[in-house]
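Here's the structure we're looking at; comments come further down.
The values are calculated or read from the model by the stated rules, or taken from the named source; none is laboratory data. These numbers were taken from a predicted model, which means no experiment stands behind them. Using ideal geometry, Cβ is built from the backbone for each residue, glycine included, and neighbour counts are taken over all protein chains shown. Keep in mind that these areas ignore ligands, DNA and RNA; they rest on the heavy atoms of the full protein, side chains included. Shrake-Rupley method; radii C 1.70, N 1.55, O 1.52, S 1.80 Å.
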Amino acid sequence: MLLVVPLAVALPSILPRVRAAIDGDETARRELLTEILPRVRNLVRYLVRRDDDTDDITQDALVTVLVDLGGYRGEGKFEAWVDRIVARLTISRIKKRRFQSQRDTPYNSDLMLASPSHAGEEFLYRRQIVRLLDALPLEQRHVLVLHHVLDMTVPEIAAELGVPVETVRSRLRLAKSRLRTSEWGGPDNQESE
Amino acid sequence: MTHSPDLRQSLPLDGQIGPATRISRARAKKMIDRAVTRAAVGERVTSPLSIRRWRGTPCVVAIAFALPLTLVARCTAREGVSSARSTAVSPKAKGHPQPPNARG
């Protein structure tokens with residue numbers, strides 16, 4: 001018994017529904033995608049400036065998750081594994097497409113649906129925060145999201161983005177400082193659209 | 001909203017309160033159908049950053065090794081040819097008598 005317990009702890013375990021999806025069960029795959037879709041969409045939206053780009057990248061992210069599913073070994077939480085894939089793909093796509101232009105951010109009506117309920121207020125609050133993120137330069141935004149949302153360490157982010165550790169620290173500091181300024185900065189940050 | 005400690009709570013990934021969680025069922029189904037179809041044909045959307053970063057490395061390494069080797073090999077070959085030529089052209093230097101038809 002004493003031998004069995006440490007072994008059971010040490011061995012990575014994959015949740016049965018994830019295992020079924022890895023094994024190619026199409027129903028399980030669809031259910032898994034349905035489950036992770038809101039999370040993937042949220043993460044993509046935290047990383048991109050435009051609502052319009054969110055669905056394109058989310059679509060590609062879902063494909064990548066499915067294609068790479070066999071590479072999940074159960075060594076960490078499945079959601080964390082998905083987050084890494086989504087973040088990597090999103091940043092790669094942004095670099096590729098050069099989404100850096102400063103055009104106005106059109107807000108997708110589907111994403112802006114709001115109801116008078118408490119959930120609606122909560123949703124609007126999240127949207128407000130996303131607008132604060134939209135004001136950040138993309139490099140700073142990515143570092144901020146990777147660090148504070150995905151809990152990645154500074155060296156991990158540096159390795160992921162291929163930039164020096166000091167650059168990551170500096171971007172993180174600047175992003176926080178900008179957020180602080182934009183939050184209490186004045187009327188520019190109010191909901192004006 | 002205070003920042004560092006609460007940033008994580010302000011940027012939730014789970015639940016139905018994120019900024020992009022609202023999507024119609026039809027649209028979600030369409031996205032999932034498309035993803036399953038594309039994945040079934042083994043489509044790779046784009047190479048992840050870390051992989052792409054390493055893709056060029058073998059080429060650079062190969063060139064870094066191959067180029068000097070080629071140059072050295074070429075120089076050696078050229079030297080070999082010129083020394084062979086000089087040996088063949090000036091046998092006098094080694095004290096051999098030049099045959100009468102050597103120029104032909």
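So here's what we get for this one:
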{"read-out": "Extension reserve of the B:A40-B:R25 stretch, reckoned as 0.36 nm per residue once the Cα distance is removed", "value": "3.2 nm"}
{"read-out": "Theoretical gain in end-to-end length, B:A73 to B:V61 [0.36 nm per residue, Cα-Cα removed]", "value": "2.5 nm"}
{"read-out": "Residue mean of other protein chain beta carbons inside 10 Å, A:35-43", "value": "6"}
{"read-out": "The stretch A:63-80 - phi-based ³J(HN,Hα) in whole Hz, Karplus 6.51/-1.76/1.60, Gly and Pro as x", "value": "4, 4, 4, 5, 5, 8, 3, x, x, 7, 9, x, 7, x, 5, 4, 4, 5"}
{"read-out": "Probe 1.4 Å - accessible area at A:K77, Å² to nearest ten", "value": "140"}
{"read-out": "Pairwise burial B:A, computed as accessible area of each alone minus the pair, summed, 1.4 Å, Å²", "value": "4700"}
{"read-out": "A:S170, B:S10, B:S83, ranked by accessible area, largest first (probe 1.4 Å)", "value": "B:S83, A:S170, B:S10"}
